[in-house]
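The values are calculated or read from the model by the stated rules, or taken from the named source; none is laboratory data. All figures in this text were calculated on a predicted structure; none of them were measured in a lab. Reconstructed Cβ throughout: ideal geometry from the backbone, glycine too, with neighbour counts over all protein chains shown. For the accessible areas, the whole protein counts, side chains as well, though only heavy atoms, and no ligand, DNA or RNA atoms are used. Shrake-Rupley method; radii C 1.70, N 1.55, O 1.52, S 1.80 Å.
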Amino acid sequence: MADPKENVLMEKLVSLCKRRGFIFQSSEIYGGINGFWDYGPLGAELKRNVKELWWNRMTRMRDDVVGLEATIIMHPQIWRASGHVDTFSDPMCDCLLTRKRFRADQVDVQSGIAYHFTGARDSVSGKVSQDPFAVLLPAGKPPESARKTAVAFYQLRGLQNVELSGETTEKVENSQRFNPENGALLTEPRPFNLMFKTYVGPVADEENVAFLRPETAQAIFAQFKNVHETSRQKLPFGIAQVGKAFRNEVTPRNYTFRSREFEQMELEFFIKPDEAVEALCGQVATPSTPGHPGTPQPDWGWQMWHQYWVEERIRFYESIGLPRTTLEEYWQKPDELAHYARATVDLLFKFPFGTQELEGIAARSDFDLSQHQRFSGKSMTVFDEELKAAWPKLDPTRQSDLSERYRLARLKYLSKTGEPAEKAEKQAAEDAANLGKGYYVPHVIEPSAGVDRLILALLAHAFHEEESTDEKGRKETRTLLSFHPSVAPVKVGVFPLLKNKPELVAKAREVRESLRSHFNVFYDEAGSIGRRYARQDEAGTPFGVTIDFDTLGERPEWKDTVTIRQRDSGAQERVAIAELRTWLETRLR
Ligand code: GAP
């Protein structure tokens, strides 16, 4: 549970986001739709900045990553191969009384006395219900309220004058089986697939079922071969994608944190299997110290690459204003790992409602490409010329050792997928033989971040309130969003000191025109200058430029200069218009 002080912060943040046009409830005029959110003018800019910063850092600033923009609806086999059709589900249960749906693993635990009933009878009509029911009451509460709830339950089953039968009690501790709101028993948990279903084409039948993608990653795997061949990249290299994902979450919650429609920024970074690295380099480097392992090296095994990407991602967050101290690394325990993962690090952020996942960085082995190879019948192997050349030069013992390790790894994967033993043995032996000829299925490291969670983290971290007392002794609160300049939706506010002085307005518009093709500039002439500053503080605009009478030459030495006010400190300085763009550029990175 979030502590009340933190809930107050969340309330203030939600209210600011609505008031200033960052985030609105989707379809608000119709009462909203749970789990869907729209980004208003400032939110849209903030989101664009975040996605562009991610994209630049992950693709354009690197030689070893290229981009992809794939469709949201893909061939349904993709989701069978990925395991989403069979396993992408949450346990769900319903309140027997109200039918309200819960995620079974997220129901608040409760203790008390459970009142069980085996059924009930209508004392007038004689009608009987044999549906069992139970109600949990905190210890010490009179049983009458449990009976009242049970009566309501049997009335819903068509009994009017309810006589309860078979009442027994049981002491219950730390149970998730009862509705925390009314104590009524919940149904047994059952899996609920989170994928949104639709139909492709005019006939809505099972043959035409398709899914809205629940992650962007699978498109990258499905297009791996095309991208590899056309981009002329050699392993290790990555494919990045930013785009919408959809999950029919049982209980969307915490504002945008768990939404049903959201955006992901995912990188699939393809690496050589460790056996190939060892054949090429004579060894496989593994992490020896925590922290960033430095410039990638040819002898890096999957663990080095995994650590590298964890550190790269933390550096990204630092560069956009989330210090390392706001993040926590959580290494998933073996029993928490997804079926495909060898290791996963969750980067957690301290949200106002608790410390929760912002991004996951998973080492997914060669599971994904192998699955698509099996399901599509198309080869997902790459040919590594250097490996082919290096293999014959290896000592025969090393050759057989590497082949055997590779064979066992492939066999483990194939057996897990349920391939018949004989077929799996044959395939694994073939794969091992092909390794020596330079062929293998790439392994992958996947840093997967949610855009909306990052936006929420940036908003929560940037939100500040400052108390001050004015000249008349009145208390004032200044609300500001201290965004890092690189993500701030508006970079500069431009204000004429007075709106009824045409010379000031003309000059201010001229300044705005000179800046707007370089930065997102907001021109504002309405209200006192203090109010205009306050509005931009709440929008998170790092700099305000004011055009006053000195700009026009009232004090000749300040002619053609403006006042720049800094959002966080409130400090002001005078800068020549001719230098304004460079002044801002150096501070907006
Ligand atoms: N391809 C791997 C994958 O999708 P995930 O941990 O399920 O892994 C990755 O999702 C990221 O996507 C999460 O760390 C989170 O930032 C974001 N995300 C997942 N579900 C979300 C939801 N319902 N609402 C908002 N963001 C979500």
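Model label sites at Arg516 and Asp568, defined 7 Å from Cα along the beta-carbon direction, differ in position by 2.9 nm. Normalised by residue count, the chain yields a Cα convex hull volume of 251 Å³ per residue. Take the Cα of Asp105, go 7 Å toward its beta carbon, and the backbone nitrogen atoms of the stretch 147-179 under 20 Å from that spot belong to 174-179. One decimal place: the segment Ile33-Glu465 gains 152.4 nm when fully extended, by the rule 0.36 nm per residue minus the C-alpha distance. If you plug the beta carbon distance of Glu503 and Ala526 into 1/(1 + (r/R0)^6) with R0 = 25 Å, you get a FRET efficiency near 0.85. For Ala184, the amide hydrogen comes within under 5 Å of the amide hydrogens of Leu136, Asn179, counting only partners 5 or more places away or on other chains and with H modelled in the peptide plane.
Extending 7 Å from Cα along the Cβ direction at Lys472 and again at Arg157 yields two label points whose distance is 6.8 nm.
Solvent-accessible area per residue in the stretch 383-440 equals 61 Å², computed with a 1.4 angstrom probe and all protein chains kept. Taken per residue, the accessible surface of the stretch 441-480 reaches 42 Å², heavy atoms only and a 1.4 Å probe.
In whole angstrom, note down how far apart the Cα centers of the stretch 339-383 and the stretch 480-542 are. Measuring centre to centre over Cα atoms gives 43 Å. Label point of Asp299 set 7 angstrom out along Cα-Cβ; within the stretch 389-417, no amide nitrogen lies under 16 Å from it. I'd like the FRET efficiency for Tyr199 and Arg80, computed as 1/(1 + (r/R0)^6) with the beta carbon distance as r and R0 of 22 Å, rounded to 0.05. For Tyr199 and Arg80, the calculated efficiency is 0.80.
Taking the Cβ of Thr216 as the center, what net charge do the other residues with Cβ under 10 Å away carry, scoring Lys and Arg +1 and Asp and Glu -1? Net of charged neighbours comes to -3.
Close amide-amide hydrogen proximity is noted between Ser486 and no other residue 5 or more places distant or on a separate chain, at a cut-off under 5 Å (H modeled in the peptide plane; Pro and chain starts excluded). For the chain, the fraction of 1.4 Å probe accessible surface lying on carbon and sulfur atoms is 50 percent.
Amide H to amide H distances under 5 Å link Arg253 with Arg258, where only residues 5 or more positions off or on other chains count and H is placed in the peptide plane. Accessible surface for the stretch 490-585, divided over its residues, is 47 Å² per residue with a 1.4 Å probe.
Between Asp560 and Ser123, the simple label model (points 7 Å from Cα in the Cβ direction) yields a spacing of 9.7 nm. The distance separating the Cα centre of the stretch 183-246 from that of the stretch 264-296 comes to 27 Å. Think of it as helices only: each DSSP H run of n ≥ 4 in the chain is worth -39500 (n - 2.57), and spread over all residues that comes to -10000 deg cm²/dmol at 222 nm.
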